[in-house]
Amino acid sequence: MTMKINIDDSYVNLFEDFIQSLPKDAVTVTSLLGDEIHKRVEEYNTNKSETINFNSGLDNIREK
């Protein structure tokens, strides 16, 4: 099962302690936004992502 949980900053330490108290294979914690940002930065830095000038992109949108 996949869940999204928002934790109040004042309870993050308790939440982390709780997660660590579970068996290692019980929970996988990922930072989806951080992972996506990292992936896109890597693609940009290695020239794997195609980029265009902002105004050119805006012109293309306006033409449609």
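Any read-out appearing in this document is the output of simple, stated calculations on the displayed coordinates, not a laboratory observation. Predicted model, so just to flag it, every value in this text is computed and none were measured. Quick reminder, even Gly has a Cβ in these numbers, built from the backbone with ideal geometry, and neighbours come from all protein chains shown.
Taken over segment 18-64, the criterion of being within 28 Å of T2 (Cβ to Cβ), in a loop (DSSP other than H, G, I, E, B) and among the polar types (S, T, N, Q) is satisfied by T28, T30, S31, S49. Is it the case that I7 is free of Cβ contacts under 8 Å to residues at least 60 places away in the same chain and part of a loop (DSSP other than H, G, I, E, B)? Here the answer is yes, as I7 does meet what is asked. On inspection, F54 fails the criterion of being surrounded by 10 or more Cβ atoms within 10 Å (Cβ to Cβ) and more than 21 Å from the chain's Cα centre (by Cα).
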